[in-house]
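Chemist: Handing you this structure, nothing more for now.
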Amino acid sequence: MKQIVQYFSTGETKIVAAPDPMVGPNDVLVRTSTSLISAGTERMLVDFGKASLFQKALKQPERVADVLNKVKTDGLLTTVDAVRSKLGQPIPLGYSSVGIVIDTGASVAGFAVGDRVVSNGPHADVVRVPQTLCAPIPDSVSNDTAAFVVVGSIGLQGIRLAQPTLGEAIVVTGAGLVGLLTIQLLIAQGCRVLAIDFDQSKLDIAKEYGAEICNPANGEDPVSAGMAFSRGRGVDAVIITASTDLTDPVTEAAQMSRKRGRIVLVGVTGLNLNRSDFYEKELTFQVSCSYGPGRYDPEYEEKGHDYPAAFVRWTEGRNFEAMLDMMERKSVCIDKLISSRFAFESAVEAYGQLTSDKSSLGMLLDYPQAEEDRVCKTIPLRQVEQYSQGAAVVGFIGAGNYASRILIPAFQKADAKLDTIVSSGGLSGSISGAKAGFVKASSDVDEMLANDAINVAVIATRHDSHAGMAVKALNAGKHVFIEKPLALTQSEVSAVEEAFSQSHKSGSSAHLMVGYNRRFAPQIQKIKSLLEQVSEPKSFLMVMNAGAIPAAHWTQDTTVGGGRIIGEACHFIDLMRFLADSPIVSSQGRRMGKNQVTEVESDKASITLGFEDGSFGTIMYLANGATSFPKERIEIFTAGRTLQLDNFRSLKAFGWPGFSKMNLSRQNKGQQNCPRAFLQSIANGTPAIPVDQIFEVARVTIDIANSLRDQ
């Protein structure tokens, strides 16, 4: 497939080639016919990308605060690397697409191959969308018209929040694409509408739809116009669809509203509000969230769990259907909203016009109808390489943030040969793969594992897939590196253990390793060498100031991410096992008790481990600390001596003859050394982490996580 992306670091818009996406159980795969460039939203994204770093910071002050906190805890150089990496990741453009269904997931109901549908898919010739964000198009509605459905649903959701009734006086501030669709919907509902905008050409369209108009650029006062329009009573509601940094639209909305009027913000404005404007009239102010209920809810959007219509009448998907109904009845027309159209291959030219012509409304992209080369699971990124005998030839499964920013560069620096990168969506693998120098990008794991040239499989996907993919890779005779955790359940650990055992019984010398990078950090290696001088048991205190993650995040889902103890605290269970250099003989955990304040209690817990040699230690995994406090602190007490490591930058020693400190200019958690150690273990035959420790740590971690859930 081919897809349009925007690079935030440079502002460049490009069409990139990528493998077609894998179809998940709740997904619909669509061959695109037409998509709509939304002038307001997408122009804002392109302009943001073209802005300087300083201008970007001014637009997102909350991000600046996060960066400054990261500098305090992780150091300047580490923070700079992270910011550059984040800005270097392109984002897909577009969210209003029309096409033909070419495949459906196993759990999809109501859609079949050949159906013509509208979705919130990006600008790509093949898109994968959840079934809940897809709607069938009536025969009488053209592709051009249907392409406006998703953008129209943004306005429709704003209307639903404003709750207009027949005959009410409603103001729409901002007569752009969303505003003009909103105006039509309000008029169809029997409302009187006043449109406010600085662009007379857009107001002329609004007037043709039946709205009264006000143009401040001509010296007209919006508040006076609103009062006159409402016959002196004050308008019943204001829907703001404008995009501006100024607070004027909200201030003017408050001043022209009647007592207990409603103001709904659909667009983007400044929000430096005057309390008295709202207090004296008891005004209602609400910000509308995109296309409706379900937006940003993974249960709805990713897992396909629709809300019952009896309780949530209008969801994102049902708003799409409502827009299509209005279009079928000709209550909403789009003829005057099409400013231009381009062939998909000329999309870069289209975005050039978008930024230069501020009067543009809807810009349509037409896609070639020939199917050849549009659906392909594997694409070449560069010329095929002839590998030398004994080379570590890597196939990467997963191209998320950690994989692309940390793991792939680490394997590169360790001189691995990067052959194939696999990602379910196709795009991220293609972009990361091209940047890193992979030979191919794919969305087919089985095809990659069947490649005899590849002898190393790196698994960097969501946690629930780790064990299953590890078993498949071991059965295929590959060395396996898993970006923690190994598994989410004891049965999964047993399955991986059995696959590893069987592979060796069949003559394979496959290595298995989990990415417990902390034990390879230079300061940890120093600590290890110091502790080897002491025969007494050790006492450990390890604090992870992990930071809060929303309860809805996939890592908190016990079936997908396993929870944060399995997903993250496993690092420190392994680290303590490494430093104690003794088997774990006991474990227990205690989490924060259930209460009415915190959404999640299991990520605020203590874990105590006992070791065969008498050592013991406690891990404090805490998601409720200050972000400015060091994220990881380790203290070790033994034989009248103490070691303290802060955030893998500052190591202090107390009572150690000949050693007092080891400070680093940048944070080093061993993320570069870990893959190198793995590849060296393949070359010399000695495991970088003994496999019995990998299984031991996995089982202990799962036991602790299960005990915390039962409390």
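The values are calculated or read from the model by the stated rules, or taken from the named source; none is laboratory data. Remember, it's a predicted structure, so these values are computed and weren't measured experimentally. Backbone-built Cβ (ideal geometry, glycine too); neighbour counts: all protein chains shown. Just so you know, the surface numbers come from the protein's heavy atoms only, side chains and all, with ligands and any DNA or RNA stripped out. Shrake-Rupley method; radii C 1.70, N 1.55, O 1.52, S 1.80 Å.
Chemist: Assess whether PHE648 counts as being more than 28 Å from ALA392 (Cβ to Cβ) and assigned to a loop (DSSP other than H, G, I, E, B).
Modeler: When the stated conditions are applied, PHE648 does not pass them.
Chemist: With the condition kept exactly as written, say whether any residue in the stretch 695-704 is modelled with pLDDT of 95 or more, in a loop (DSSP other than H, G, I, E, B) and open to solvent by 60 Å² or more (accessible area, probe 1.4 Å).
Modeler: No, that holds for no residue.
For (1) touching a residue at least 40 places away in the same chain (Cβ under 8 Å); (2) within 29 Å of the chain's Cα centre (by Cα); (3) open to solvent by less than 10 Å² (accessible area, probe 1.4 Å); (4) under 30 Å from LYS631 (Cα atoms), each residue gets a yes or a no:
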position: ASP103; (1), (2), (3), (4): yes, yes, no, no
position: GLY110; (1), (2), (3), (4): no, yes, no, no
position: PRO122; (1), (2), (3), (4): yes, yes, no, no
position: LEU133; (1), (2), (3), (4): yes, yes, yes, no
position: ALA147; (1), (2), (3), (4): yes, yes, yes, no
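Chemist: For the stretch 1-95, which helices (runs of 4 or more DSSP H) that fit wholly inside it have 1 or more residues that are buried (at least 16 other Cβ atoms within 10 Å of the Cβ), at pLDDT 60 or above and touching a strand residue (DSSP E or B) at 6+ places or on another chain (Cβ under 7 Å)?
Modeler: In the stretch 1-95, 39-50 are the helices (runs of 4 or more DSSP H) which contain 1 or more residues that are buried (at least 16 other Cβ atoms within 10 Å of the Cβ), at pLDDT 60 or above and touching a strand residue (DSSP E or B) at 6+ places or on another chain (Cβ under 7 Å).
Chemist: If a residue must be in contact with a Ser or Thr (Cβ under 9 Å, 6 or more places away or on another chain) and surrounded by fewer than 21 Cβ atoms within 10 Å (Cβ to Cβ), how many such residues does the stretch 624-645 contain?
Modeler: Adding up the residues that qualify gives 11.
Chemist: Under 16 Å from VAL149 (Cα atoms), of a type in the set (A, V, I, L, M) and open to solvent by less than 10 Å² (accessible area, probe 1.4 Å): is that true of VAL118 in this structure?
Modeler: Here the answer is yes, as VAL118 does meet what is asked.
Chemist: Sticking with this structure for a sec: Would you mind stating whether LEU381 is open to solvent by less than 20 Å² (accessible area, probe 1.4 Å) and not small (Gly, Ala, Ser)?
Modeler: Spelling it out, it is not the case that LEU381 is open to solvent by less than 20 Å² (accessible area, probe 1.4 Å) and not small (Gly, Ala, Ser).
Chemist: Helices (runs of 4 or more DSSP H) wholly in the stretch 265-343 with at least 2 residues that are open to solvent by 60 Å² or more (accessible area, probe 1.4 Å) and touching a residue at least 12 places away in the same chain (Cβ under 8 Å) - which ones?
Modeler: Hits in the stretch 265-343: 316-328.
Chemist: Can you tell me which residues in the stretch 457-470 are touching a strand residue (DSSP E or B) at 6+ places or on another chain (Cβ under 9 Å) and either open to solvent by 20 Å² or more (accessible area, probe 1.4 Å) or under 22 Å from GLY426 (Cβ atoms) (or both)?
Modeler: ALA457, VAL458, ILE459, ALA460, THR461, SER465, HIS466, MET469
Chemist: Of the residues that sit in the stretch 651-683 and are part of a loop (DSSP other than H, G, I, E, B) and under 30 Å from VAL394 (Cα atoms), which one is least open to solvent (accessible area, probe 1.4 Å)?
Modeler: So the residue we want is GLY670.
Chemist: Enumerate the helices (runs of 4 or more DSSP H) found wholly within the stretch 393-464, keeping only those where 3 or more residues are in contact (Cβ under 8 Å) with a residue 12 or more places away in the chain and closer than 29 Å to ARG564 by Cβ.
Modeler: 408-413, 427-436
For every residue, the table says whether it meets (1) β-branched (Val, Ile, Thr); (2) open to solvent by less than 20 Å² (accessible area, probe 1.4 Å).
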{"position": "LYS417", "(1), (2)": "no, no"}
{"position": "THR420", "(1), (2)": "yes, yes"}
{"position": "SER424", "(1), (2)": "no, no"}
{"position": "SER428", "(1), (2)": "no, no"}
{"position": "ILE431", "(1), (2)": "yes, no"}
{"position": "ALA434", "(1), (2)": "no, no"}
{"position": "GLY437", "(1), (2)": "no, no"}
{"position": "GLU447", "(1), (2)": "no, no"}
{"position": "ASN451", "(1), (2)": "no, no"}
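Chemist: Further question: Condition (residue is of a type in the set (Gly, Ala, Ser), open to solvent by 30 Å² or more (accessible area, probe 1.4 Å), farther than 24 Å from ILE408 by Cβ and in contact with a Phe, Trp or Tyr (Cβ under 7 Å, 6 or more places away or on another chain)) applied to the stretch 527-544: is it met by at least one residue?
Modeler: Looking for residues that are of a type in the set (Gly, Ala, Ser), open to solvent by 30 Å² or more (accessible area, probe 1.4 Å), farther than 24 Å from ILE408 by Cβ and in contact with a Phe, Trp or Tyr (Cβ under 7 Å, 6 or more places away or on another chain), one finds at least one in the stretch 527-544, hence yes.
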